[in-house]
Amino acid sequence: MRVIGLMSGTSYDAIDAAAAGLSLVGDSVVLEPLGMVSEAYDDEVRDALAAALPPTATTLAEVCRLDTRIGQAFAAAAVRANVELCDGRAELVASHGQTVYHWVEGGTVRGTLQLGQPAWIAEATGLPVVADFRPRDIAAGGQGAPLVSLVDLLWLRGRPGTPVALNLGGIANLTAPDGTAFDTGPACALIDAAARGFSGGRLAYDEEGALAARGTVQQPLLDRLLKEPYYALPAPRTTGKELFHLGYLRDALAGLGTLSAEDVVATLTLLTARTVADAVRSVAATEVIASGGGTRNPVLMDLLAAELPDIPLRTSDELGLPSTAKEAYAFAVLGFLTAHGLPGTVPTSTGARHPSVLGSVTPGRRGLRLPPAAERAPVRLVLG
C-alpha cells in the first residue's frame, strides 16, 4: 500500500509529505521510503497561526478559518506528493494536522487540538484520510504523545545495547527500548521564539545555528531556565508551546539586563542540549539516534555531543531513514496500521490504559474501502 504521511510540527514552518510503500510481511511492517516533498505555509497562514497560538487569545471564527486554510495547505502537499512520489497511485493519506493546543492540567492531558480539516485532503486527492490521531490515546488515559514511539520501538528493535530515538522538533521527545517515552522539553521552540522576537519576525529560526555560534552563554539566564518544574516531572510527560513560548522567554529575561540576540540564542541552544542530555542519561542510553529539524543545527548537535561524550550520537539518516522526514514517515505507518485495524500506541510510552487503533477516517472519492483487518500486530519495522 502506498501511503502519504503529512506532518507539520510545533515550529509550523512547513508541511512535510513523505510517501512510503508499506506492507505486512510475517511479523514485520516493511517500509520502502519513496521520498518527501515540503510545502511552506504561505505568509498569511503562518502569521494567522502564530497570532492564534497560546498564550494569545483567539476566536472560534479564526479557529474555523485556520482549520480550513491549513486543511487546504495539507491537501496541496498531499496532491503534490501523490503526483511526484507515487505517480498518482497513492492509496491512503495519513495527516497529523497542525497542533494548536495540548491541554495539560497537573501533569494530566485533558485534550488536544490539531487543525487541518481532512475533508479538504480527501476531496483534493480522492483518497481516504486518517487524521486526528492523538485524541483516542488521550481518551484511553494517555498523554497523546509521543505517538512516534511505536514506530521507534519497531524500528530499533534488535539493535544492541539501549538505543534511544530522539526527535528534535519544536519540542524534543525520546523513546527508549523498554517503551519509556516522553517530551524532554524544548528543542527548537524557544530558539525559534527568540529568533523571531529579536528580529521582529524577519527570522523564523536560527538557520544553521548562526546566531548561537556568535553568542556567549549567559549563566544566570541558563540557571533560571533550568529551574523550570517541567523537567522534574516523571515520564510519561508531554508539553508544547502552551508552556515554551516567547512570553515564557520574556519572563525569564526579566531583571537580567540587556542581552544580545546572539547571547540569548546561545543560552537557549545549550538549554536544549543540557535538558535532552539529562533525559538521555535518565534512561541509561548507550546510543542516540536523532531526527527532526534540530539535526540541521550544527551548534545544537555539537553541544549535545559534548553533553554526552560517552554516548554515540547519530542521525536516522545513517540508518536509512531521512531525519527531516522521519515523523512524516512515522505517521504514514500509523495510518497504515489504522487501515489494517491495528493499534498505534504503546501504553508504556503514553501512559494509556490500553493500546488503541488511532484516528478518524474520512472516506475518499470511491467511498471507504479498507484492506482486510490484519491477524496480528507487527513486532518490528524493516526498511525495504
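The values are calculated or read from the model by the stated rules, or taken from the named source; none is laboratory data. What you are looking at is a predicted structure, and each value in this text was computed from that prediction instead of being measured. Every residue, glycine as well, gets a Cβ built from its backbone with ideal geometry; the counts of neighbours run over all protein chains shown. These accessible areas exclude ligands, DNA and RNA; they are computed on the full protein's heavy atoms, side chains included. Shrake-Rupley method; radii C 1.70, N 1.55, O 1.52, S 1.80 Å.
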If we only count helices (runs of 4 or more DSSP H) wholly inside the stretch 39-128, which ones have 3 or more residues that are out of contact with any strand residue (DSSP E or B) (no Cβ under 6 Å at 6 or more places or on another chain) and of a type in the set (D, E, K, R)?
43-52, 60-86
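On the given criteria, is T175 in contact (Cβ under 8 Å) with a residue 40 or more places away in the chain, under 20 Å from T99 (Cβ atoms), of a type outside the set (A, V, I, L, M, F, W, C) and out of contact with any Gly (no Cβ under 6 Å at 6 or more places or on another chain)? If you could, list the steps in order and put the result at the bottom.
Numbers: in contact (Cβ under 8 Å) with a residue 40 or more places away in the chain: yes; under 20 Å from T99 (Cβ atoms): yes; of a type outside the set (A, V, I, L, M, F, W, C): yes; out of contact with any Gly (no Cβ under 6 Å at 6 or more places or on another chain): yes.
Yes, satisfied.
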Take the stretch 277-297 and flag every residue that is in a loop (DSSP other than H, G, I, E, B) and either over 24 Å from S11 (Cα atoms) or among the small types (G, A, S) (or both).
V283, A284, A285, T286, G292
If K227 satisfies every condition in (1) under 24 Å from L174 (Cβ atoms); (2) modelled with pLDDT under 95 but one, which is the exception?
(2)
Within the stretch 155-180, which residues are more than 19 Å from K241 (Cα to Cα), touching a strand residue (DSSP E or B) at 6+ places or on another chain (Cβ under 7 Å) and open to solvent by less than 10 Å² (accessible area, probe 1.4 Å)?
P163, V164, A165, T175, A176
If you take the residues of the stretch 13-44 that are farther than 22 Å from G292 by Cβ and hydrophobic (A, V, I, L, M, F, W, C), which of them is surrounded by the fewest Cβ atoms within 10 Å (Cβ to Cβ)?
V25
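Does S291 fit the bill of being touching a Ser or Thr at 6+ places or on another chain (Cβ under 9 Å), surrounded by fewer than 16 Cβ atoms within 10 Å (Cβ to Cβ) and under 30 Å from L49 (Cβ atoms)? Spell out how you get there, then give the answer.
Details: touching a Ser or Thr at 6+ places or on another chain (Cβ under 9 Å): yes; surrounded by fewer than 16 Cβ atoms within 10 Å (Cβ to Cβ): no; under 30 Å from L49 (Cβ atoms): yes.
Judged against the criteria, S291 is not a match.
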So for the stretch 298-320 (the condition being over 15 Å from the mean Cα position of the chain (by Cα), under 17 Å from V151 (Cβ atoms) and part of a loop (DSSP other than H, G, I, E, B)), does at least one residue qualify?
yes
The one condition in (1) open to solvent by less than 30 Å² (accessible area, probe 1.4 Å); (2) closer than 23 Å to V109 by Cα; (3) modelled with pLDDT of 95 or more that G247 fails to fulfil
(3)
For G240, are the conditions met, namely being modelled with pLDDT under 95, open to solvent by less than 50 Å² (accessible area, probe 1.4 Å) and in a helix (DSSP H, G or I)?
no
All but one of (1) part of a helix (DSSP H, G or I); (2) open to solvent by 10 Å² or more (accessible area, probe 1.4 Å); (3) under 30 Å from E123 (Cβ atoms) hold for R274; state the number of the condition that does not hold.
(3)
On the given criteria, is G169 in contact with an Asp or Glu (Cβ under 8 Å, 6 or more places away or on another chain) and farther than 19 Å from T295 by Cα?
no
One residue is enough: does the stretch 98-114 have a residue meeting the conditions at pLDDT 95 or above, open to solvent by 10 Å² or more (accessible area, probe 1.4 Å) and touching an Asp or Glu at 6+ places or on another chain (Cβ under 7 Å)?
yes
The stretch 75-88 residues that are at positive phi, paired with ones that are assigned to a helix (DSSP H, G or I) and surrounded by 16 or more Cβ atoms within 10 Å (Cβ to Cβ) (beta carbon under 9 Å, 6 or more apart)
G88/N82
Consider S349 against the criteria (1) open to solvent by 10 Å² or more (accessible area, probe 1.4 Å); (2) at pLDDT below 95; (3) touching a Ser or Thr at 6+ places or on another chain (Cβ under 7 Å): it satisfies all of them except one. Which criterion is unmet?
(1)
Considering only the stretch 146-186, state which residues are part of a helix (DSSP H, G or I) and hydrophobic (A, V, I, L, M, F, W, C).
L150, V151, L153, L154, W155, L156
Among (1) assigned to a loop (DSSP other than H, G, I, E, B); (2) within 23 Å of T295 (Cβ to Cβ), where does A213 come up short?
(1)
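In the set L358, L334, which member is open to solvent by less than 10 Å² (accessible area, probe 1.4 Å), under 25 Å from G169 (Cβ atoms) and not in a helix (DSSP H, G or I)? Let's see the steps before the verdict.
Details: L334 fails: not in a helix (DSSP H, G or I).
Within the list L358, L334, the selection yields L358.
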